[in-house]
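The structure appears below as structure tokens.
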Amino acid sequence: MGVNLKRLRLAFRSPGHFAWATRRVLRRSALGAIERHLPGGRALMPDTIVVNITSRCNLRCAMCMQPREDGGPGDSPTLTRGHAELTPEQWMRVIDQAARAHPAFYFSGGEPLLYKGMMDILAHVKRRGLIAALVTNATALDHFAKDLVRLGVDNVTVSLDGPETIHDALRGVSGTFQRALTGIRALQEAKRQAGVTYPAIKINCVITPRNFESLPETYQVVRALGIDELNLQHPMFDTAENVALHNRVYHERLGEGDDVSKNPGEFYEERFDETQFRKLEKLLDGLLNMSGKPRVSCFPTLHRRDWWAYYLDMKHPFPQRCLLPWTVMRLLADGTFEPCMHYVAGNVAETPLRELWNGTRMRRFRQELNKGLYPACTRCCYRCF
């Protein structure tokens with residue numbers, strides 16, 4: 001977690017925010033290595049809880065790892081295929097169980113603004129004095145802009161993957177770009193009218209072979225919107241060969257059934273070739289050295305010397321650690337606690353959150369992961385570097 005003005009402002013909004021930011025930085029520093037070796041695979045309570053609040057989405061993004069069916073917009077399943085969504089009241093009980101640990105809550109999906117009780121849940125997070133953040137495609141953001149400002153939501157991350165033609169093509173639905181801009185401007189206007197600086201707005205752009213040449217144009221779009229931060233996300237891709245190896249190793253080490261395998265459609269397969277990568281490398285160098293707003297960053301936070309290996313060498317021995325099982329609790333729409341894709345550690349609708357976090361299955365998972373990552377872990381969008 002890099003230090004920048006936005007994060008400093010967030011940290012000092014209240015004593016709770018400052019304590020959260022301090023704890024988060026320490027757990028991701030060298031001191032965090034101590035926690036990863038606590039007896040029996042135990043961990044301190046999570047500092048971040050990511051909630052995939054719904055499996056529904058109104059878009060068909062080419063690079064998204066959620067499996068798709070042939071239905072129309074709005075009915076696509078995710079990894080929670082066939083599972084029901086928890087009610088707002090159930091989620092509020094989960095928030096109450098977590099509140100003593102003061103985590104930040106990040107709501108994603110699917111598209112979280114399709115969940116009808118989203119504002120009620122965000123309000124409950126803020127009543128408990130916790131950080132509330134939202135990741136959205138912004139196609140419905142204009143309808144909720146005033147509510148998000150009124151509730152004091154801390155951060156809204158908007159997905160924007162290029163100028164209009166490219167963004168709409170990647171998102172699979174025409175008109176998506178203009179709807180996103182309308183939503184962003186509505187949120188900015190609601191903040192202006194209320195005289196507040198939050199929610200902070202960040203743009204996230206996933207780098208793909210289809211949009212990388214338009215990254216300078218994307219930068220200019222974000223700059224024209226007056227947004228402070230642009231995150232360029234390295235693609236979370238894989239190959240069929242590496243996934244097959246991952247599944248084999250995963251089964252051997254965890255002794256699980258077929259339900260833990262990555263399946264076709266659950267990983268993005270478009271890769272950069274050498275020529276494309278060299279062009280991307282120059283573009284990233286230029287964007288990361290831009291002065292003024294927006295501030296440009298990349299995720300994962302790879303050292304520049306590792307870019308080539310990340311994009312072109314599937315066998316490169318990247319650092320064998322992932323902090324997520326020690327710091328982040330990831331919950332699916334039906335309440336399933338799934339720290340890693342298809343590995344189920346329980347369900348918050350059935351078992352108290354604290355029991356799940358250091359339950360038998362979770363402690364075993366941490367102990368196994370301490371021996372080294374699995375073949376598909378390096379480019380996994382859940383990995384916490």
Between PHE299 and THR360, the FRET efficiency computed from the C-beta separation at R0 = 35 Å comes out, to the nearest 0.05, as 0.60
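Multiply the residue separation of ALA224 and ASN289 by 0.36 nm, subtract the distance between their alpha-carbon atoms, and state the gained length in nm to one decimal.
21.6 nm
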Over the range 84-136, with a single point scatterer placed on each C-alpha, what log10 of the ratio I(q)/I(0) does the Debye formula yield at q = 0.19, 0.20, 0.21, 0.32 1/Å? -0.59, -0.66, -0.73, -1.44
Run the accessible area of the range 269-329 with a 1.4 Å probe and give the carbon-and-sulfur part as a rounded percent. 53
Give the residue from MET45, LEU245, ALA62 lying farthest towards the positive end of the charge dipole for the chain; charges sit on Cβ (+1 for Lys and Arg, -1 for Asp and Glu) and the dipole is referred to the Cα centre. MET45
Out of all DSSP beta bridges with both ends in the chain, state the antiparallel percent to the nearest 5. 10
With a point put 7 Å past each Cα toward its Cβ, work out how far LEU323 is from CYS384 in nm, to one decimal. 0.8
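Any idea what the dipole of the chain comes to, in debye rounded to 20, about its Cα centre with Lys/Arg Cβ at +1 and Asp/Glu Cβ at -1?
Numbers: 52 positive and 41 negative charges, 348 e Å.
I would put it at about 1680 debye.
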If I model a spin label as a point 7 Å beyond the Cα along the Cα-Cβ vector, how far apart are those points for ALA62 and THR351 in nm? 4.1
Once label points are set 7 Å from the Cα along Cα→Cβ at both ALA309 and GLU89, what is their separation, rounded to one decimal in nm? 5.3
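What is the range 148-197 by shape, rounded, prolate or oblate, if you read a ≥ b ≥ c off the alpha carbon gyration tensor as root eigenvalues and call it rounded for a/c under 1.5, prolate for a/b larger than b/c, and oblate otherwise?
Numbers: a/c = 3.41, a/b = 2.53, b/c = 1.35.
In terms of gyration-tensor shape, prolate.
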Rg and Dmax of the range 317-366, using alpha carbons, in Å: what are they? 11.2, 39
Packing-ranked peptide list from 210-222, 279-291, highest mean Cβ count within 10 angstrom first, is 210-222, 279-291
The Kirkwood hydrodynamic radius of the chain, taken as the inverse of the mean 1/r over all distinct Cα pairs, in Å, comes to 21.5
Hey, what's the range 310-374 come to in accessible area per residue, 1.4 Å probe, Å²? 37
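The values are calculated or read from the model by the stated rules, or taken from the named source; none is laboratory data. Please read these numbers as outputs of a predicted model, since none were measured by experiment. For neighbour counting, all protein chains shown are included, and Cβ atoms are generated from backbone atoms with ideal geometry for every residue, glycine included. Side chains included, ligands, DNA and RNA excluded: accessible areas come from the protein's heavy atoms. Shrake-Rupley method; radii C 1.70, N 1.55, O 1.52, S 1.80 Å.
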